[in-house]
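Each value in this text was obtained by applying a stated rule to the coordinates, not by laboratory testing. Please read these numbers as outputs of a predicted model, since none were measured by experiment. A quick note on method: Cβ atoms are made from the backbone with ideal geometry, for glycine too, and the neighbour counts reach across all protein chains shown.
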Amino acid sequence: MLAIGEFSRLTHLSVKTLRRYHEAGLLVPAAVDRATGYRSYDASQIPTAQVIHRLRELDVPLADVRRIIESTDAGSRAALVSDHLARLEAELDRTRAAVVSLRRLLDPDPVPLRVELRAVPEVTVAAIEADVDSDAMGAWYAGALAELEAAVDVRMGPAGGVYDNVLFEEGRGHVMLHVPTPDPPRRGRVHPVTLPPVELAVATHVGPHDDADVTYGELGSWVVANALAVSGPVRETYLVTPTEDPDPSAWRTEIGWPIFRMS
């Protein structure tokens, strides 16, 4: 039997942490002296303690740690760990995107944004539209794009999106994802929509959409200084998407800000 101090040195878990794990029922000592309350551990508990240590280093919640160490099925344990690692990887991606955005925002010599004025004619497209919460946009976009691609036989260009201003202002609004095609079908949520002609100030956002707000801000500033903005919805065109290239640095999104040209 190992005293709690010895067990602490062997597992690199502090005495305070071991006591907390005992109280939580996560790592119960092999024996507890009724008179003194001293905790003793068996050497066979060392691997379990080390597993707990590694899981907590990965910020696995205590409830999930308990399920992992109590599970007798290797597949279930692996699935629990894999789910948490996927969440960590997603959080790491968000952190990296935030760092890139901050560096871009704090750059004392930013690269000037290239803006193109473009007259977009009326066009009929295959579309899916709905009222969506901004927090749910990623999942809605992925599902709608997959459904459009399955329904459209001939594409005449990249997919695009139309986003009502209220989505940005209130966090929920009408959105439309569309694909240009000569004969838009009616299938499931897919139906034909005629987009009206519009004048746009267009800039290209490079990289994942998490930091598209930086390009939005730069484009909006350009419009304020050089054109007359109108209240129509913002349009996006997805030149390079995750389905075409898994590397986020390769993704390209055109952002079109509705304007009224004064000359």
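Some notes on this structure:
- Helix 137-151 and the longest principal axis of the Cα set of the chain meet at an angle near 60°.
- Residues PHE168, PHE7, PHE260, arranged from fewest to most other Cβ atoms within 10 angstrom of their Cβ, appear as PHE260, PHE168, PHE7.
- Equivalent-ellipsoid semi-axes of the range 2-70, from the Cα gyration tensor, Å, largest first: 20, 12, 10
- Diffusion constant of the range 145-256 at 37 °C, which comes from Stokes-Einstein with the Kirkwood Cα-pair radius and 0.692 mPa s, µm²/s: 214
- Counting only DSSP H runs of at least 4 residues, each contributing -39500 (n - 2.57), and dividing by the residue count of the chain, the helix-based mean residue ellipticity at 222 nm comes to -13000 deg cm²/dmol.
- Counting neighbouring beta carbons within 10 Å and listing from fewest to most, the residues VAL240, VAL175 come out as VAL240, VAL175.
- Candidates PRO258, ALA229, ALA3 compared by Cα position along the dipole of the chain: farthest toward the positive end lies ALA3, with charges placed on Cβ.
- Extended-chain gain in nm, criterion 0.36 nm per residue less alpha-carbon gap, ALA86 and ILE46: 11.7 nm
- Cα gyration tensor shape of the chain, rounded if a/c is under 1.5, else prolate or oblate by comparing a/b with b/c: prolate
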